[in-house]
Each structure stands twice: as structure tokens, then as C-alpha cells.
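Working notes, structure below.
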Amino acid sequence: MRPLIEVVNFGSTDADSDDLLEQAFQDHEAYLQAIAHRRPLVVGRKGSGKTAIFRKIIRTRQHDVFAFGHTFSEYPWHHHHLQGMVGVPEEQRFMHSWRYLILLTLAKILLNQDGSQPWSEEALEELDKVERFVVDSYGTRDPDVTQLFTPGKRLRIKPHLRIAEVVDAAVNLESVPISDLPKLFQEVNRSIADSIAVCLNPAHSYYVCFDELDKGFDPNDRQYSQMLTGLLLAATSINNAFRDANKKTSVVLCLRDDIYRTLQFEDKNKLTENFMSIIEWDGPGEKWTLRALLERRFGVALEGGNSLPWDSVFDEEHQMTGRQTKYRHILDRTFRRPRDAIKFANEVLSAYKAHGGNAKGKFENKDIIAARTPYSEYLLKELADEIFKHVPAHRDYIDILKSLDALQFTREEFDQACVRRADLLGGATPQNILSQLFEFSLVGYQKTGGVGGGSEYIWRYIDPTVRLDGAATNFRIHAGLMEALGLKKFRRGEAEGMDAE
């Protein structure tokens, strides 16, 4: 086994620059459900592994699997905005423009990637229609999908596509300006979808994937919410249509859970129940663990293999304070996301290498303790990136937490801190501030009693369905923030019994 002192890192917190992603990818249930065309809506917190799933799907290279990935960090949203339809329910305003984009993406795959085309006599005729429409409208059989709605484009719909006679006779279907496309979306989409359904090879799998949908997200931007809702509706309608046609084709959406929760539209619960997978790690009864994920990375980094046992890297003979295993100690300081676990492991590695390692060649308690401060600072920055659009005053609220002195606090102590720092409230009440801090898991509350007796701390990152109990009196700041906020683990006079959960 390669010595730890020679390892550069255990991968990157960013899937786009993670050199170990391909070799150490963990086949999470959300990924397996997506590629099986069962649950194509993948939802999770920032850093939970959505982009890793997206990258894995679009980088798959097999003779019978084809995928195209859309990322919108540089997508010309302003051109897409112009495609909104009028006179339809708000949530459907952009549904047809998304359908058009998805269908043209599938046309690109069929025309340029799938070597089996045309796979049948019927497909030969329909593929020819699609190709002539694409070439005559965009000048190539492989158009740039970011330019589909660019002003100045003129579409040649006839004689290639079948359009109902109800279309306004004043519209010249052999030269339609892109600005007029919203008037024709339903008919154009229906015709293209009918042809593509015939062309899709039933023996092959096709994926159109979307990621980075949080780029430019603003919870107060009504149009953004309308566009995102339209994408969800478009993807669902296309997935259902091709499933009914017995074609293995999916539009896979990777979306942050906090953004998904803000969207409201008809049949959202049906979509959630039937087509959504949540990326979770180390949940109750959950077989997908961050420990196994890191063991895969240890194996790649140290042996070039598939996996390496945790105890081969961490010295678990000597437990942490409070009789915690090193894994539990690290897990409690994460939001149970791959990004956090990889970052902590890399900081432990840096601490180990800084003092030259040890005779055992394993990470010890002192390495983990030394890693906590840089990791804590990272975690606070990650939280700030995630919540600043939802909670503009988050820095002020974090300053209130800093003034509490220790991880654990009572409601009375929090109220007093708010009185002392009234200049930071901005009109918000202590209850409102606590609710927002709880929403993003900066704090959890103690729940006492229940069938089994005893007590536990309730965290939103562990159970996204829970809400803050207005009657709660005892709270705890997330242990991963202790060093960054300059807090003590215990208040003066408390016994150091149980470690922070």
C-alpha cells in the first residue's frame, strides 16, 4: 500500500474538477434509479452528489447508451425568456419552450451519436423529416443548443413537419421567425415528438440531463420559478410519453432541495412521490454511507483499487473524546454530504503530512483535531454560499450565534443575545431568526420524550420534513461550525459527557 505521506488528496469537493470521480464513483440509489428510467428527478442539498451523478451519466460511453448534458452557468437565459407563452397558466408559460429544447437535444443525439439510426424502415422516414427540419432551420444537423432561441433564426417548419390546419394562415411556415415560435410550440413539438418516438431505438437508452439549475437562482424572481416549473412539467410529460411508447428515454433533472421546496404547481406531490429520488447518506437504515464513499477513495489513492477499509487509514484503537469513533466524530461535523467528507479527509491528510506522519502510517486523534479549524472555516463559507439568497441577513444572525459562547444554548439565552445585539435584528423576531437558522441546519433543537424516552437533537439536514418546534427550549449549533464561530463545546460548569452530535 502506498504511504499516506505520498498521497496528494482524496479528490476534490467540486465534481467538475474531481480527478477521482470516475474511479471512485459511488453507485448511490438515486443514480441507479435515474439510469433505470424510474426516478429521473434527483434532489439533494448542495454538495450531496447531484453533479457527480450528472457527470457520471453524460460521460458514459457505451454502444447502446447516449446522453447529452445541459448546464446553465453560461446559458443565454435572456433568449429563453422571450419564448414564454401568453394566455396559459403561469406554471405552463415556459413548458413548451423546454419541450422544444429537449426534443431538439434528442434529435442531435439521434442524428450525430446513435450509430444504429435509422434502426427500422419506419425510423428511416421519420429521421429524414427531423434531419431536414434541423438542417434547413439551423444550417447543420448538429446545432448548438444554446443558440436554438437566438433572435434572427428562422425556422423552416414546412414541408418537413406535420402541422394542423388550425395554424394562422398568415404565418409563413417555410420561414418562421424565432419570435413567432411560441404561437406554434404545441404543434411543432407534437410533430417532432411523434417522429422522435419512432426513431428512438427500443434497445438503447437515451438521457437528456440538466444540472446547475441553481445558477442565477433568486427566490424572489417569479420568472425564474416559472421557468424552472416549466422545465419540471416538460421533463415529466416527455418522460411519460416515451415510457408509454416503450422507449428507454429520460430527461434527468438534478436540483437542489431548497429550490425544489420553493416551487408550487399542480401535481407537484404526484411528481415527488413517483419520480423523485433524494440523495441521502448515513440516514436511518440507509446503506449509502460517507464511510463507504471515502473507503472507495482511499482504495484509489493508496492502492489504485476499488476500496480500502477505514481502519487501514484511521487508527480507531484510540477513540476521540466522549468515546467517539473517528468516523462518528467526522460525520457529526458534516451535513452528511460527500463534499464535506472529502474536505475533512483532505484536511486530516494535510495535518498528518505537516508533522511528517507517524510509525503506524495512520491518521491519529491529533490529525483530526488539527483538521477541524480549516474544515470549520470551509463549512461556514459553504453555508454562506447556500443561504445568502434565502436569508440576506445571515451574517448578522451568525454574529448572534457567535455571541452565545458555546455550542449548546437555551431559548432564554438566545433571546438575551438578540436583545444585546438588537442592531442586528433588522425587524426580525428571535423566533423568526431561529426558524431561518434551523431551516439551513445551523442550529438544531432538543426533542424530549417519545416512545423510547430520552432525548435527541432534531436537524433539518437529517430529516428535511421537520419544522422548528416553537416550544423547544434547548438548542445546539452544528458541531462543524464550532471553530469558525469561536465557540466552546460546553458552557462553563457543564460536564463533558457526550460529544456534540
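Descriptive notes on the structure:
- Residue-span extension gain [Asp423 to Glu377] - 0.36 nm each, minus C-alpha spacing: 14.1 nm
- Test item: Cα-centred dipole of the chain, Lys/Arg +1 and Asp/Glu -1 on Cβ, debye: 400 debye
- Amide hydrogen neighbours beyond the local backbone of Gly305, cut-off 5 Å, H modeled: Val300
- For the stretch 305-355, the Kirkwood radius over C-alpha pairs fed into Stokes-Einstein at 20 °C and 1.002 mPa s yields D = 178 µm² per second.
- The stretch 1-89: GluC sites (Glu not before Pro) falling in loop per DSSP and having at most 13 other Cβ within 10 Å: Glu74
- Counting all C-alpha pairs of the chain, share separated by more than 28 Å (%): 60 percent
- Approximate spin-label separation Ser120-Asp19, in nm, with each point projected 7 Å along Cα-to-Cβ: 4.8 nm
- Convex hull of Cα atoms in the stretch 238-396, direction-averaged projection (nm²): 14.0 nm²
- For Phe363, the residues whose amide H sits under 5 Å from its own are Phe314, Asp315, ignoring neighbours fewer than 5 places away on the same chain, with H placed 1.01 Å from N.
- Of all accessible heavy-atom area on the chain, the percent that carbon and sulfur account for (1.4 Å): 47 percent
- Under 21 Å of direct C-alpha separation, and excluding same-chain neighbours fewer than eight residues apart, Lys488 reaches these lysines: Lys326, Lys366, Lys381, Lys402.
- Once the Cα-Cα distance is subtracted from the 0.36 nm per residue extended length, the Glu316 to Lys402 segment shows a gain of 27.7 nm.
- Estimated inter-spin distance, Ser350 and Thr410, nm [label 7 Å along Cα→Cβ]: 3.9 nm
- Helix content alone sets the calculated 222 nm mean residue ellipticity of the chain: runs of n ≥ 4 DSSP H residues at -39500 (n - 2.57) each, divided across all residues, give -13000 deg cm²/dmol.
- Note on the stretch 334-355 and the stretch 26-52: Cα centroid distance 24 Å, given to the nearest whole angstrom.
- Accessible solvent surface per residue of the chain, calculated while the other protein chains remain in place, 1.4 angstrom probe, Å²: 44 Å²
- One chain, two ends: Arg61 and Val466. Fully extended at 0.36 nm per residue, the span grows by 141.7 nm beyond their Cα-Cα distance.
The values are calculated or read from the model by the stated rules, or taken from the named source; none is laboratory data. Small disclaimer: the values here were computed from a predicted structure and weren't measured. FYI the Cβ positions are ideal-geometry reconstructions off the backbone, even for glycines, and counts take in every protein chain you see. Areas reflect the complete protein model, heavy atoms only, side chains present, ligands, DNA and RNA absent. Shrake-Rupley method; radii C 1.70, N 1.55, O 1.52, S 1.80 Å.
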